[in-house]
Amino acid sequence: NGLATTNNTLTAANIENADIITIFLGINDFNHACKNGHAYGNPTYTSADRTYYQVGEYGNNDTSTLYGALKVWCDKIVELKSIEGYENKQFVIITPLISSWNASIGGKDWNQDKVNIHGNTLREYCEAILKVYSEYGIPVFDANMLSGIYYNSDKDNNVDLTGGDGVHINAEGHKLL
């Protein structure tokens, strides 16, 4: 379902030589449940049956929901930090930046009050990330609110740091972060 993929990507071998591991997460979970499908209009990523990519309920272990998947990530980080020699590795979670997922229907929509098919805003996904990781004591950088990438009007914005697709940041955006 795209939510809990830590078993394939977050492994001791993958972080062996890293001191700080940064993990961006949540944007695909929000975008893949958009009313018009993925940002590029690819319906294969859409949760048409409304099963996946839901925020879910806090404390839930169902990995088809964001809360359940976040717990899987947290448990994996705790497991990795318990390995001898890995206890000092620093993990930092990064919430999604602002997003414009309507590129597929002719232009971008930077309104941050928009909702996906589950009726959730991107900010609700960010709040879930903040809540779960704070419970585990894992640092979170709330890029959604604090990145410096914002949109206010056609004259007062720097969303061009998202690299043109309305979701992913470009090299200048990475420098800002």
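Structure notes:
- Residue 79 - accessible surface, heavy atoms, 1.4 Å probe, Å² rounded to 10: 100
- Pairs beyond 26 Å (Cα-Cα), from 89/175; 81/175; 76/175: 81/175; 76/175
- Under a 5 Å amide H cut-off, with hydrogens placed 1.01 Å from N, residue 22 pairs with 92 among residues at least 5 apart or on other chains.
- Approximating the spin labels as points 7 Å out from Cα along Cα→Cβ, the residue 142-to-residue 174 distance works out to 2.7 nm.
The values are calculated or read from the model by the stated rules, or taken from the named source; none is laboratory data. Predicted, not measured: the structure shown is a model, and the values here were computed from it. Positions of Cβ are backbone-derived with ideal geometry, glycine not excepted, and every protein chain shown enters the neighbour counts. These area figures cover heavy atoms from the full protein model, side chains too; ligands, DNA and RNA do not enter into them. Shrake-Rupley method; radii C 1.70, N 1.55, O 1.52, S 1.80 Å.
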